[in-house]
Amino acid sequence: MTDFSEWFHNILEEAEIIDSRYPIKGMHVWLPNGFKIRKYVLNILKDLLDKEHEEVLFPLLVPEDELAKEAIHVKGFEEEVYWITHGGLTELNKKMALRPTSETAMYPMFALWVRSHTDLPMKFYQVVNTFRYETKHTRPLIRVREITTFKEAHTVHSTKEGAENQVKDAINIYKEFFDILGIPYLITKRPVWDKFPGAEYTMAFDTLMPDGKTLQIATVHNLGQTFAKTFEITYETPEGEHEYVYQTCYGLSDRVIASLIGIHGDESGLCLPNEVSPYQLVIVPIIFKKGGEEVMAACKDIESKLKDAGFRVHLDDRDLRAGKKFYEWEMRGVPIRIELGPRDLSNKNAVFVRRDTMEKVNISLEDDIVENVNELMSSITFNLRKKASEKMKGQIREVDNLEDVKESIENERGIISFAWCGEENCGKEIEEQANVDILGVQEEEINGKCFQCGSEAKFKAFMAKTY
Ligand code: PR8
């Protein structure tokens, strides 16, 4: 792809994912095809969360005084909050915010719910729309003002270790989720100046988009006792004492879909893993004047076998040229296309075309078709994941001086790893001089000196141009 941004906007329109002509900046309409992808992606995450979390649904509006209670949190969001000031013609005594995220909606209720140590841990999640008046350049799915599929989880624990372990569990859930989608990631601890407002620390998942810029696709925050103290969330210990709880929260958005589209897509359009593709297979009959009925009957037979086996399969019997149909289904990213014409039928074969490699395979109509499809699908999923992960790994480079960083980032983008002391002043200098963002650090043993200030390096750190 020469121009990713242009490709991305075109494909969203052509594949009918969203309509970005809605007349409010940063707010878009999900179209039926996009909505299906969204639904399948969401179902994967819900299945993972449902194992240990309860799903809830809180109101969209947050009263001004609750939002304002946690000073650091509100400071972090003050420029992004949309306010409701009127009910009809009447000015409200108390303004209400459209949730930018739901800590301040949920935690006053948690204070009522949490009583005893036996109530803990509590683990909730909700899937809602949140609103952020983003001032940076908005882009469909990537940076929006109405985040339509905000999947936010909030947990409450009696101990610090409980919260720390939850951070690890949440990271594992997200790893599994992204692995299923074949989206590669780098996990780092964000620098202090970039953590979630009110958090003790933030762990983030970044992926690399085709233009070489990173996109933050999920975050996991350890909130410590900050919100517990603000919202008076306490529990009674077995000894009858009252203690503040420890909390975590973590979330992701439709950026997952943006990365799914960008990372697997190519010049022919979308390329979807079968787990989330609205149609997993399309059957295209190749009909000439003679033999049309037999071909149609054979196609219908394949269709019904695959439907019975639970696949999302579509028989495209429109009166259009086969080539036009191929183009359309390739563009929509359908993992497998089955072509069948009179010659294939007389050879007792069908042609299977896999979208990821465009390879054609002849499959005998006398073989077990379901087994063949299963094999091909796992091979596609495996290949997509491997290709994406190798590509991202190949774009992480180690650099040991600032001049090379500048050159490397300007020419090749991607992610740069370096040895860092971890000091805020030093980090901000690097960001300013190299015109990059420090993504964060990995806390593994590192020997040597910080490449900027020369003092003892504490971390392996990463930087990139970011969205
Ligand atoms: C929290 N509270 O809110 P977070 N457009 C698209 N995606 C976005 C946008 C946007 N404008 N802003 C953020 N995201 C915590 C955790 C409850 C859940 C995505 O955390 O502010 C980013 O991928 O870090 C981000 O990592 C995720 O939502 C969670 O938002």
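Hand me the list of strands (runs of 3 or more DSSP E) wholly inside segment 375-454 holding 1 or more residues that are among the acidic types (Asp, Glu) and farther than 22 Å from VAL192 by Cα.
Output list reads 396-398.
If you go through segment 129-136 one residue at a time, do you hit one that is more than 18 Å from HIS221 (Cβ to Cβ) and away from the ligand (no atom under 15 Å from the Cβ)? Walk me through how you get there before you give the answer.
The first filter runs over segment 129-136 and keeps only residues more than 18 Å from HIS221 (Cβ to Cβ), leaving 129, 131, 133-136.
Those still in the list that are away from the ligand (no atom under 15 Å from the Cβ) too: none.
The answer is no; no qualifying residue exists.
Identify, from the list PHE110, PHE124, the residue that is in contact with a strand residue (DSSP E or B) (Cβ under 9 Å, 6 or more places away or on another chain), hydrophobic (A, V, I, L, M, F, W, C), closer than 30 Å to ASP179 by Cα and touching a residue at least 12 places away in the same chain (Cβ under 8 Å).
One residue alone meets the criteria, PHE124.
Can you pull out every residue in segment 137-189 that is assigned to a strand (DSSP E or B), closer than 26 Å to THR226 by Cβ and of a type in the set (Val, Ile, Thr)?
ILE147, THR155, VAL156, ILE187, THR188
Can you tell me which residue within segment 190-226, out of those that are assigned to a strand (DSSP E or B) and more than 13 Å from the ligand (Cβ to nearest atom), is nearest to SER5 (Cα to Cα)?
Among residues in segment 190-226 that are assigned to a strand (DSSP E or B) and more than 13 Å from the ligand (Cβ to nearest atom), the one nearest to SER5 (Cα to Cα) is LEU208.
Would you be able to say whether some residue in segment 234-246 is among the small types (Gly, Ala, Ser) and either in a helix (DSSP H, G or I) or within 10 Å of the ligand (Cβ to nearest atom) (or both)?
The answer is no; no qualifying residue exists.
Quick one: count up the residues across segment 237-280 that are more than 18 Å from the chain's Cα centre (by Cα) and within 11 Å of ILE37 (Cα to Cα).
Of the residues in segment 237-280, 1 are more than 18 Å from the chain's Cα centre (by Cα) and within 11 Å of ILE37 (Cα to Cα).
No value in this document is a laboratory result; all are computed from the given coordinates. Here the structure is a predicted model, which means the values were calculated and not measured. Glycine gets a Cβ as well: all are built from the backbone with ideal geometry, and neighbour counts include every protein chain shown.
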